[in-house]
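Presented below is the structure to which this report refers.
Every read-out reported here was derived from the displayed coordinates using simple, explicitly stated rules and does not represent laboratory data. Note that the structure is a prediction, hence the values are computed from the model and not measured. All Cβ positions, even for glycine, are placed from backbone atoms using ideal geometry, and neighbour counts span all protein chains on display.
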Amino acid sequence: MNSTESSAESSVIAAYLSTPPEPGTEVLLPALVEAGYDVVVPVCEPRYQLSWVRWRPGVQLAKSPRAPLWEPVGERSHFEALLPFRLVLVPGLAMDEGGNRIGQGGGYYDRFLAQLMLEQPEVQQLGYLYDEEILPAGSVEATPLDMPLPGAFTPARLYHSSPR
């Protein structure tokens, strides 16, 4: 991909393979591929880092040795090799209206998003949650290491947050 290509022209979407109780991505990911996007999903690496593998329907999956989830088998890339991203979909268990997210607890995404903001600060980021997981501002305790999200979408609507 051309480094001068804008994120609006990019076809790369960083997504993830959902696990309960997260909203399912089993319909979303194939729809994105069908629409012509290059979908990449994370693999948990040592030191709480993420690498990324291209996802297509039917890709082989393996149980992660580091997290309670399934990961794609294939060539792993550091996110910088895939830039620019058009969109980054972020998993979570809840998010408040200030953009503070509750994840699975490893900090993988906070580390990734902090690194990504240095390389592509204008990237679009959205959490994918259920409506009842969008909480009033201030409901989610955050530390300086937590990366707030500018919004989230649910099966019913799009939410915009007001990050700290």
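Taking neighbour Cβ counts within 10 Å as the exposure measure, how do Y130, Y109 sort from fewest upward?
Y130, Y109
In the chain, if the dipole is taken from +1 on Lys/Arg beta carbons and -1 on Asp/Glu beta carbons about the Cα centre, which of L82, Q115, S51 is farthest to the positive end?
Farthest along the dipole direction, towards plus: S51.
Collect residues whose amide H, placed 1.01 Å from N in the peptide plane, falls under 5 Å from the amide H of L69; neighbours closer than 5 in sequence don't count.
Residues meeting the amide H criterion: S64.
If I fit a long axis through the Cα atoms of helix 108-119 and take the longest principal axis of the Cα atoms of the chain, what angle between them do I get, 0 to 90°, rounded to 10?
That works out to roughly 80 degrees.
Mind sorting M147, M95 by how few other Cβ atoms lie within 10 Å of their own Cβ, fewest first?
M147, M95
If we count every other residue with Cβ under 13 angstrom of R66's Cβ, Lys/Arg +1 and Asp/Glu -1, where does the sum land?
Every neighbour counted, the sum reads 0.
Below 14 angstrom from the Cβ of R54, what's the summed charge of the other residues (Lys, Arg +1; Asp, Glu -1)?
Once all neighbours under 14 Å are counted, the net charge is -1.
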